[in-house]
Amino acid sequence: MVDLHLEESVELGKDSGRGNLLGIEPYITASDYASAQALQAKVDGYMLEAKRRGWLNEKTIILLPEYFGTWLILANEPESVFQTDKLAVAEQRLVLRHIFGFLWQLIIAKEKGKLEAAVFRLKADVMADTYNSVLSNIAKNYQVTVIGGSTILPAPEVHDGKLIAGKGPLYGVTPVYGPDGRAYPDLVLKAYPTTDELPFMTPASSKDLPSFDTPAGKLGILICADSWFPDCYARLKELNVDMIAIPSNGGDPVVWDQPWGGYSGWPMPSDVDANDVKKLTEGDAWRKYALAGRIGATKARYGSNIFIRGQLFDMAGGGGRTTIVKDGEVLRDQTVTGASLVNLWL
């Protein structure tokens, strides 16, 4: 029996037949990424709870958080990789198991963050194949649309309805799967990687953000930090999306009550008050400058920003205030430590 650590299940609004945007904030551990079967079992647990509550239908859109697929670098590794509570030790054991392939990727890496780039390219095909399998199965088995959170892949693309890794720069990428289990042809690529990501992740252009025609309406997606930038919302306004989904990674929960440090890795947009730096808390800055404060610049009626929860080795994680917006009203702005299901009826 998979331990879901499910802390809350929240229902916002009523079923009017227009569908729903269901955010799943999973509680993840390293063992969830040991194989496709392990990750599938974890997601199935949340999906079955949603089904029990009557929250799944042909117009349901499932939203998973940023980095949900990133830790598939651990997939298909031996038990020894998981027998530690230190991420650095697990990565060392992984690298030693693939030492020659890792060294080759290290030699040819052009990024400043050569070590990270080498590891992600080393496991890229396994990551893409496993992630595609899990997300496709969830969409097809439950007959829903799935926003796959995000992962990190070199030159990702969709071929014959499947997410695959290519040869080229590393991107933060979000695939979307239809109820038939096939990935939409378009991918969402992160336009504004953070300071920690920029050494190995290539920024995409906000002008290339796609929209997705789903059974519940036209969908726009911004990956985490992209939700802080006005040009991203300008693009979604141009695309005339009905709803905006934001998969995020909240980092250390302690940070959210500390003074905001400003934009990470990028200059502040011109509409940001520089006096807010160190004055607002991190959480208050998210409310002012991310989804809740910027969705009004689009024609979208609905917005959902969710975060990943759990404990992965010794990494501090689980931060982030789940934000749900409907017709300009913030319906939810709250943090939980365990997993949660947040269902917004459209």
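The values are calculated or read from the model by the stated rules, or taken from the named source; none is laboratory data. Since the structure is predicted, the reported quantities are computational estimates derived from the model, not experimental observations. Glycine also receives a Cβ, built like all others from the backbone with ideal geometry; neighbour counts cover every protein chain displayed.
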In the stretch 187-205, the residues that are surrounded by fewer than 22 Cβ atoms within 10 Å (Cβ to Cβ) and either in contact with a Phe, Trp or Tyr (Cβ under 7 Å, 6 or more places away or on another chain) or assigned to a strand (DSSP E or B) (or both): 202, 203, 204
Are any of the residues in the stretch 267-287 more than 27 Å from residue 91 (Cβ to Cβ), surrounded by 14 or more Cβ atoms within 10 Å (Cβ to Cβ) and within 17 Å of the chain's Cα centre (by Cα)? yes
Failed criterion for residue 256 (all others in (1) crowded, with 19+ Cβ neighbours inside 10 Å; (2) under 21 Å from residue 172 (Cα atoms) hold): (2)
Could you please tell me which pairs satisfy a Cβ distance under 6 Å, a separation of 6+ or placement on different chains, a first residue in the stretch 325-346 that is more than 19 Å from residue 62 (Cβ to Cβ), and a second residue that is hydrophobic (A, V, I, L, M, F, W, C)? 330/292
Of everything in the stretch 1-58, what is basic (Lys, Arg) and part of a helix (DSSP H, G or I)? Give them in sequence order. 42, 51, 52
Residue pairs within 9 Å by beta carbon, gap of at least six or interchain, first lying in the stretch 4-24 and of a type in the set (Val, Ile, Thr), second in a strand (DSSP E or B) and surrounded by fewer than 16 Cβ atoms within 10 Å (Cβ to Cβ), listed first then second, are 10/334
Kindly indicate which of 303, 320 is surrounded by 20 or more Cβ atoms within 10 Å (Cβ to Cβ) and part of a loop (DSSP other than H, G, I, E, B). 320
Going through the stretch 104-129 in order, the residues found to be surrounded by fewer than 14 Cβ atoms within 10 Å (Cβ to Cβ) and either within 23 Å of the chain's Cα centre (by Cα) or without any contact (Cβ under 8 Å) to a residue 12 or more places away in the chain (or both) are 107, 108, 110, 125
When you go through 56, 4 one by one, which is the residue that is more than 16 Å from the chain's Cα centre (by Cα) and either of a type in the set (D, E, K, R) or over 14 Å from residue 345 (Cα atoms) (or both)? 4
Given the condition modelled with pLDDT of 95 or more, of a type in the set (S, T, N, Q) and not in a loop (DSSP other than H, G, I, E, B), answer yes or no: does some residue in the stretch 259-275 qualify? yes
Give the residues of the stretch 227-243 that are in a helix (DSSP H, G or I) and out of contact with any Pro (no Cβ under 9 Å at 6 or more places or on another chain), sorted by residue number. 227, 232, 233, 234, 235, 236, 237, 238
Those residues of the stretch 323-339 which are in contact with a Pro (Cβ under 9 Å, 6 or more places away or on another chain) and either in a loop (DSSP other than H, G, I, E, B) or within 27 Å of residue 296 (Cβ to Cβ) (or both), in sequence order: 335, 337
Quick one: in the stretch 229-249, which of the residues that are β-branched (Val, Ile, Thr) and within 17 Å of the chain's Cα centre (by Cα) is farthest from residue 21 (Cα to Cα)? 246
Return the residues of the stretch 289-300 that are part of a loop (DSSP other than H, G, I, E, B) and more than 30 Å from residue 39 (Cα to Cα); say none if nothing qualifies. 298, 299, 300
Helices (runs of 4 or more DSSP H) within the stretch 60-159 that include 2 or more residues under 15 Å from residue 183 (Cβ atoms), small (Gly, Ala, Ser) and modelled with pLDDT of 95 or more: 124-142
Given the conditions (1) under 15 Å from residue 195 (Cα atoms); (2) out of contact with any strand residue (DSSP E or B) (no Cβ under 9 Å at 6 or more places or on another chain), which single one is not true for residue 230? (1)
Give me the pairs, please: first residue somewhere in the stretch 29-45 and basic (Lys, Arg), second residue anywhere and in a helix (DSSP H, G or I), beta-carbon distance under 9 Å, and either six or more positions apart or on two chains. 42/32
